[in-house]
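K.L.:
Dropping the structure in here first, questions after.
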Amino acid sequence: MGQDISSYLDGLLLSNYLNYWDYVNVDTLLTLQKPKTDFPDELIFIIYHQITELYFKLSLHEIEQIANNGREIAANGEDKGWNEELSAQYFLERVERINRYFEALTKSFEIMVQGMEPEQFKRFRMALLPASGFQSGQYRLIEFASTPLYHILQKDVRDDIKDKSIEEQYPYVYWKKGATEVETGKKTLTLEQFEAKYKNEFISWIKRFEDCNLWKKYKSLDENDPLQEKIQKALRSYDLNVNVFWPLAHYKSAVKYLQQQEGDAPATGGTNWQKYLPPRFQKRIFFPELWTEEEQNEWGKGWVVQQIFGSGKVDN
Ligand code: HEM
């Protein structure tokens, strides 16, 4: 490094021992929960959202490394920089990691579904208007970095605008449709504020990942690699985890807390959530080439029947 090693050793002798609480930043972490009301269950709501955002961060961390072909750090800690080529093994391992993060999130969603008193939830959520998990920027970054934008456009316009520029396609991203007011059909405040904060960042992110999103990186691997079968399986799980299992676990909480005897409670974002959230309506599929036509047509159906409505008859 061209530096004086004994000065560094002096520094090492003088510095304090590393503690767990400093390394993990526990004190700061525990200052980040700031309920807006006195209802005790609001703390569960905040912390569970924060846990989810941390898992999203981990997922993006893996995606970023795949996009850059992985980084080699030598045994002596030296950073050798990004690799020239992506290895199939590396790709597989990272996709499997994200699958585990999403499996943990899907399973732990019971913390929301079972873990709060509905009466408290109904009261404290009114203090949170018009904020909504809909405004999770990281959730959208994961989507944009997983697949070409075309795959997550509203399904009725997808084919017509397939060859248009990113700027022209962006207004038709599937979630714009969800954030419309039930009453007026206009953009919700939740969406307007979300766009004001993130639109430019999203467009540059989509451009950045145009050639290195997960699907493109998968296509760059050798078609005859012996790991192909395992990789396809992992990508199919990824598609289900992000686009069916997590959304359904989440939908289950909306049903539990917002469904009422007479008409459904409007969501805090004021959206048409019953028509929007179920995966069978959104039909978001990151990797359609890995699914048969029948599987695509049945997207999101079986699980919702079993998990949310029990085994009884369901009016789809
Ligand atoms: C009791 C718990 C929850 C309820 C009742 C609920 C309800 C809703 C509703 C109704 C929407 C539709 C948009 C709106 O009208 O606001 C929505 C969207 C969303 N929520 Fe939640 N949510 C809950 C927990 C969570 C948690 C813990 C997260 C984690 C970050 C989250 C993330 C999201 C995301 C990412 C969307 C957008 C989904 C999409 O566009 O497909 N929600 N939520």
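K.L.:
Please give the number of the condition Tyr8 fails out of (1) surrounded by 12 or more Cβ atoms within 10 Å (Cβ to Cβ); (2) away from the ligand (no atom under 16 Å from the Cβ); (3) not small (Gly, Ala, Ser).
P.N.:
(1)
K.L.:
If I filter region 79-90 for residues that are more than 25 Å from Leu258 (Cβ to Cβ), open to solvent by 30 Å² or more (accessible area, probe 1.4 Å) and under 22 Å from the mean Cα position of the chain (by Cα), do I get at least one hit?
P.N.:
Within region 79-90, one or more residues are more than 25 Å from Leu258 (Cβ to Cβ), open to solvent by 30 Å² or more (accessible area, probe 1.4 Å) and under 22 Å from the mean Cα position of the chain (by Cα).
K.L.:
Which residues, taken from region 161-185, are in contact (Cβ under 8 Å) with a residue 24 or more places away in the chain and either touching a strand residue (DSSP E or B) at 6+ places or on another chain (Cβ under 6 Å) or open to solvent by less than 50 Å² (accessible area, probe 1.4 Å) (or both)?
P.N.:
Ile166, Tyr170, Val173, Tyr174, Trp175, Gly178, Ala179, Thr180
K.L.:
Counting only residues that are more than 16 Å from the ligand (Cβ to nearest atom) and either part of a helix (DSSP H, G or I) or open to solvent by less than 100 Å² (accessible area, probe 1.4 Å) (or both), how many does region 47-77 have?
P.N.:
Within region 47-77, residues that are more than 16 Å from the ligand (Cβ to nearest atom) and either part of a helix (DSSP H, G or I) or open to solvent by less than 100 Å² (accessible area, probe 1.4 Å) (or both) number 14.
K.L.:
Got at least one residue in region 27-46 being among the basic types (Lys, Arg), in a loop (DSSP other than H, G, I, E, B) and either out of contact with any Cys (no Cβ under 6 Å at 6 or more places or on another chain) or within 16 Å of the ligand (Cβ to nearest atom) (or both)?
P.N.:
yes
K.L.:
On to the next question. Among (1) in contact with a strand residue (DSSP E or B) (Cβ under 7 Å, 6 or more places away or on another chain); (2) without any contact (Cβ under 8 Å) to a residue 40 or more places away in the chain; (3) not acidic (Asp, Glu), there is one condition Tyr150 misses while meeting the rest; what is its number?
P.N.:
Against the list (1) in contact with a strand residue (DSSP E or B) (Cβ under 7 Å, 6 or more places away or on another chain); (2) without any contact (Cβ under 8 Å) to a residue 40 or more places away in the chain; (3) not acidic (Asp, Glu), Tyr150 comes up short only on (1).
K.L.:
So, in region 118-147, exactly how many residues are away from the ligand (no atom under 11 Å from the Cβ) and not in a helix (DSSP H, G or I)?
P.N.:
Going through region 118-147 one residue at a time, the tally reaches 1.
K.L.:
For region 153-185: of the residues being in a loop (DSSP other than H, G, I, E, B) and within 14 Å of the ligand (Cβ to nearest atom), which is farthest from Lys219 (Cα to Cα)?
P.N.:
Among those that are in a loop (DSSP other than H, G, I, E, B) and within 14 Å of the ligand (Cβ to nearest atom), it is Glu183.
K.L.:
Only one of these is of a type in the set (Ser, Thr, Tyr), open to solvent by 20 Å² or more (accessible area, probe 1.4 Å), within 15 Å of the ligand (Cβ to nearest atom) and part of a helix (DSSP H, G or I): Tyr198, Tyr150. Name it.
P.N.:
Tyr198
K.L.:
Given the structure, is Val26 under 19 Å from Leu221 (Cα atoms), open to solvent by less than 50 Å² (accessible area, probe 1.4 Å) and not aromatic (Phe, Trp, Tyr)?
P.N.:
no
K.L.:
Among the numbered criteria (1) in contact (Cβ under 8 Å) with a residue 24 or more places away in the chain; (2) closer than 22 Å to Trp205 by Cα, which one does His61 miss?
P.N.:
(1)
K.L.:
Right, here's the next one. Which of the following residues is under 25 Å from Glu53 (Cβ atoms) and not in a helix (DSSP H, G or I): Gly115, Gly81?
P.N.:
Gly115 is the lone residue from the list that is under 25 Å from Glu53 (Cβ atoms) and not in a helix (DSSP H, G or I).
The values are calculated or read from the model by the stated rules, or taken from the named source; none is laboratory data. Small disclaimer: the values here were computed from a predicted structure and weren't measured. As a convention, Cβ positions derive from the backbone with ideal geometry for all residues, glycine included, and neighbour counts pool all protein chains shown. Ligands, DNA and RNA are excluded from the accessible area calculation, which covers all protein heavy atoms including side chains. Shrake-Rupley method; radii C 1.70, N 1.55, O 1.52, S 1.80 Å.
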